[in-house]
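Below is one structure, written out as structure tokens; the observations come after it.
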Ligand code: FES
């Protein structure tokens, strides 16, 4: 209802007094149909960003000497949200008195997820992965965070040919990308260069993924076999695959990143065309392990617990069974963004992705922060 300011003295007051009657008239004339509270765009946003959903383990099977494939289905049927090939999900569950969680890249293609099937690869490493392999069974329910991350091909940012370098379960995002290329939902060329100790350590069938636009080379370091390269992923080897239209994507252990970075540097490869998936922040080495008091506020609830200086705050929270919000576990996504009310802490430079305003006003990402004294923090509420 428009209200025009008048130049006539007293006129504004008269018009304002008429507003209530006018408003009543408009209400009386309005149709009786209920208001629309959800538009198509809201439904689309919810489908793309459902937050946390429940998933159930449908099947699990070993796929190499140290990796397992875990197949998930939406609890109660339906489909998984759409994602970009290369993204990850975060799984979490309660185990005893503690919470466990960890991000996993997706093996399935976006099309498969829309058909209700989502597969991940789990390597026997760390508490949660060991729990999934040894204790979780078909039917185990897990919380699943919506697909996240920017480790996917982007036409504006990346070149048309990706040389994908992987080791261990780091091949997972590339399996999804190769499927998506084959199905036609991604349009770039990909050459996978995968490093493994022996054929028993390869968690996928290289022949299954080769197709137009996709090539696979496997490099074995401790075995010589027909059809496989032998040695390490050196600059000499990479020269064969890299052309003028190449970006390099890497996913694997930190030692592989360090080695391949040096090899690419020796080739004079442009650093800005290299992208790597970040690994979760783990425990840090300290000269003496010290335990501190951690006071945690989640809205009106206050928790008191112990946190050691060699573990991240998120690890301490989960061990104490506190449902902390977490997604990437490497400090990058900002999902666990929390405020420090008191105390000293340490964040490694390579995992400090906070904005300068966050630093100024003492905000942290607990997944990449270690306590250096007693601390008091305010963390977001888990809202599945
Ligand atoms: S979970 Fe991503 S920054 Fe902490």
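Any read-out appearing in this document is the output of simple, stated calculations on the displayed coordinates, not a laboratory observation. Model, not experiment: these values are computed from the prediction. Positions of Cβ are generated from backbone atoms using ideal geometry, with glycine treated the same way; all protein chains shown enter the neighbour counts.
Worth a mention:
- Remark: the residue 208-residue 286 segment gains 23.6 nm on full extension, using 0.36 nm per residue and subtracting the alpha carbon distance.
- Working from label points 7 Å from Cα in the Cα-to-Cβ sense, the residue 293 to residue 58 distance is 5.0 nm.
- R0 of 51 Å, Cβ-Cβ distance residue 197-residue 37: FRET efficiency to nearest 0.05: 0.35
- Between helix 172-183 and the chain there is an angle of about 80 degrees, using the helix long axis and the longest principal axis of the Cα atoms.
- Residues considered: 227, 78, 86. Largest GNM mean-square fluctuation over the chain, using C-alpha springs under 10 Å, is found at 227.
- Stokes-Einstein, applied to the Kirkwood radius of segment 161-276 over Cα pairs at a viscosity of 1.567 mPa s and 4 °C, places its translational diffusion at 91 µm² s⁻¹.
- What separates the Cα centres of segment 286-332 and segment 243-282 is a distance of 32 Å.
- Label point of residue 79 set 7 angstrom out along Cα-Cβ; within segment 18-50, amide nitrogens under 15 Å from it belong to 43-50.
- Diffusion coefficient, µm² s⁻¹, Stokes-Einstein with Kirkwood Rh over alpha-carbon pairs of segment 231-384 at 10 °C and 1.306 mPa s: 91 µm²/s
- FRET efficiency for residue 141 and residue 46, using Cβ-Cβ distance with R0 set to 22 Å, rounded to 0.05: 0.55
- Here the alpha carbons of segment 18-105 define both size measures, Rg and Dmax, at 23.3, 80 Å.
- Compared with the dominant principal axis of the Cα atoms in the chain, helix 11-29 is inclined by about 70°.
- For segment 50-148, convex hull of alpha carbons as volume per residue, Å³: 92 Å³
- Angle in degrees between helix 254-266 and the longest Cα principal axis of the chain, rounded to the nearest 10: 80 degrees
- Principal axes of the chain: Cα extent on each, largest first, Å: 95, 54, 47
- From the Kirkwood radius over Cα pairs of segment 291-378, Stokes-Einstein at 25 °C and 0.890 mPa s returns a whole-number translational diffusion coefficient of 193 µm²/s.
- Value of [θ]222 nm, deg cm²/dmol, for the chain, DSSP H segments ≥ 4, -39500 (n - 2.57) each, nearest 500: -6500 deg cm²/dmol
- If a spin label sat at a point 7 angstrom from the Cα of residue 65 along the line to its beta carbon, the backbone N atoms of segment 214-246 nearer than 18 Å would be those of 218-226, 228-233.
- Working from label points 7 Å from Cα in the Cα-to-Cβ sense, the residue 349 to residue 258 distance is 1.5 nm.
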